[in-house]
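Participant: One structure coming up, written as structure tokens, with questions to follow.
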Amino acid sequence: MLTCREMSELGSEIIDGHLRFSTRLAVLMHQRMCPRCKLYIKQLKLTAEVLQQLPLGDESVDSQAILDRLRTPDR
Amino acid sequence: MVDEQELVKRLRQGDSNALETAIKLHHAFLVAMAIPLVGADSADDVAQETWLKAFAAISKFEGRAKLRTWLARIAINEAHALRRKRGRELSLDDWGIDSGSPIGSRFNQQGGWNAPPSQWHHDTPEALLTEAELHECIRKHLHQLPGDQQSVLMMRELGGLGFDEIARALSLAEGNIRVLLHRGRQRMHAMLNHFEEVGTC
Ligand SMILES: [Zn+2]
């Protein structure tokens with residue numbers, strides 16, 4: 001039996017699909033009877049997705065300065 | 001939303017408006033990714049050099065990867081080149097050591113939850129990202145992560161690089177990269193959980 005602590009340690013392996021078959025069964029069984037871990041894993045996945053979709057764009061970047069540098073090869 | 005295919009096409013034609021768009025979209029990411037590798041003082045140089053190399057090589061970009069992933073690869077090379085020029089290899093000696101679970105105290109001695117995660121108000125990434133304050137909070141917390149976790153999170157989640165190339169870039173084993181990614185995600189989860197509970201960063 002996996003404990004909840006062990007489940008939290010396996011979190012990224014679970015969401016990235018890197019588990020061995022035997023562990024996968026144990027994880028599935030734990031998740032079926034433990035809504036707390038199910039929620040934690042779901043939120044961890046959501047966290048990863050938020051980071052993947054984070055735009056991190058910056059309108060205030062001085063793009064003109066970079067463009068000027070690209071045009072002047074005397075660096 | 002910017003259509004990436006269209007953007008790349010215009011970049012290939014040497015369209016400087018397209019380049020400006022690309023810079024606004026990705027420069028901050030390149031700087032953020034370079035900071036743990038070369039320090040805050042040189043990160044902008046790495047990003048600028050990346051644009052120079054990228055613009056010169058845009059015809060070689062096949063569009064199989066995302067533009068950001070392609071730029072990230074160039075930036076990693078530039079970061080390594082800068083470190084070599086300064087006469088030192090990436091000194092990442094203390095990187096990759098597992099700092100342990102950041103949520104260890106949330107479990108009891110039997111390994112059950114003492115402080116389980118709470119229900120969130122948002123349940124899709126899109127919904128979470130509509131919160132402007134959250135963007136700022138995520139950036140802040142990303143920069144507060146230990147350098148190794150920060151690097152892996154930037155390269156993997158934001159940059160879309162593979163585990164193998166991240167391992168090579170940081171001279172660590174793939175197993176280490178997976179652990180660092182997990183620790184970084186756990187910390188960012190704790191941050192999001194706090195935001196969902198309290199409503200502020
Ligand atoms: Zn559990």
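Participant: Once you place label points 7 Å from the Cα toward the Cβ at B:S99 and B:K85, how far apart are they in nm?
Facilitator: 3.0 nm
Participant: Return an integer: the convex hull volume of the alpha-carbon atoms of the range B:159-200, in Å³ per residue.
Facilitator: Normalising the Cα hull of the range B:159-200 by residue number yields 73 Å³.
Participant: Where in chain B are the DSSP H helices whose C-alpha atoms run 24 Å or more along the long axis and whose mean Kyte hydropathy is at least -1.0?
Facilitator: Helices passing the filter in chain B: B:16-38, B:40-57, B:67-85, B:174-198.
Participant: With springs connecting C-alpha atoms under 10 Å apart, model chain B as a Gaussian network and identify which of B:L180, B:L153, B:L129 has the largest mean-square fluctuation.
Facilitator: Answer for the Gaussian network model of chain B: B:L129.
Participant: Counting pairwise Cα distances across chain A, what percent come out greater than 20 angstrom?
Facilitator: That tail contains 50 percent of the Cα-Cα pairs.
Participant: If you count, for every residue in B:171-179, the Cβ atoms of partner chains within 10 Å of its Cβ, what is the mean?
Facilitator: That average works out to 1.
Participant: How much accessible area per residue does the protein assembly as shown have, counting only protein heavy atoms and a probe of 1.4 Å, in square angstrom?
Facilitator: Spelled out: the 1.4 Å probe surface of the protein assembly as shown, per residue, equals 50 Å².
Participant: Let me make sure I get this right: for the range B:4-86, a, b and c are the square roots of the gyration tensor eigenvalues over alpha carbons, sorted descending. Under 1.5 in a/c it's rounded, otherwise prolate if a/b > b/c, else oblate. Which is it?
Facilitator: Prolate, since a/c reaches 1.5 and a/b exceeds b/c.
Participant: Would you please state which residues of the range B:119-147 a label at A:K42 would reach in this model, taking the label point 7 Å out along Cα→Cβ and a backbone N cut-off of under 17 Å?
Facilitator: What the label zone holds, given the 17 Å backbone N cut-off, is B:119-128.
Participant: Separate question: Can you tell me how the protein assembly as shown classifies by the Cα gyration tensor, rounded, prolate or oblate, using a/c under 1.5 as the rounded cut?
Facilitator: Verdict is prolate for the protein assembly as shown.
Participant: Same structure, new question: Mind giving me the nanometre distance, one decimal, between the label points for B:S59 and A:R69, set 7 Å out from Cα along Cα→Cβ?
Facilitator: Distance between the two pseudo-spin positions: 2.5 nm.
Participant: What longest region of chain B stays clear of GluC sites (Glu not before Pro) that DSSP places outside H, G, I, E and B and that have at most 14 other Cβ atoms within 10 Å?
Facilitator: Answer - B:90-201.
Participant: I would also like to ask the following. Return the Rg/Rh ratio of chain B with Cα-based radii and a Kirkwood Rh.
Facilitator: Taking Rg over the Kirkwood Rh, I get 1.01.
Participant: Averaged across B:117-130, how many Cβ atoms of other chains sit within 10 Å of each residue's Cβ atom?
Facilitator: Per residue, the number of nearby Cβ atoms from other chains is 4 on average.
Participant: Cross-link list A:K42/B:K24; B:K60/B:K140; A:K45/B:K140: which exceed 27 angstrom alpha carbon to alpha carbon?
Facilitator: From the list (A:K42/B:K24; B:K60/B:K140; A:K45/B:K140), the Cα-Cα distance tops 27 Å for A:K42/B:K24; B:K60/B:K140.
Participant: Another question, then. Taking R0 as 51 Å, what FRET efficiency do you get between B:R12 and B:Q144 from their Cβ-Cβ distance, rounded to the nearest 0.05?
Facilitator: The pair B:R12/B:Q144 has a calculated efficiency of 0.85.
Participant: Separate question: Take the alpha carbon gyration tensor of the range B:105-195, find the square roots of its eigenvalues, order them as a ≥ b ≥ c, and report rounded if a/c is under 1.5; if not, report prolate when a/b exceeds b/c, else oblate.
Facilitator: In terms of gyration-tensor shape, oblate.
Participant: Further, regarding this structure: What is the sum of charges, Lys and Arg at +1 and Asp and Glu at -1, for the other residues whose Cβ falls under 14 Å from the Cβ of A:S63?
Facilitator: -4
Participant: Averaged over its residues, how many other protein chain Cβ atoms are within 10 Å of peptide B:22-34's Cβ atoms?
Facilitator: Averaged over the peptide's residues, the number is 4.
The values are calculated or read from the model by the stated rules, or taken from the named source; none is laboratory data. Nothing here was measured: the structure is a model prediction, and the numbers come from that model. For neighbour counting, all protein chains shown are included, and Cβ atoms are generated from backbone atoms with ideal geometry for every residue, glycine included. For accessibility, only protein heavy atoms count, side chains too; no ligands or nucleic acids. Shrake-Rupley method; radii C 1.70, N 1.55, O 1.52, S 1.80 Å.
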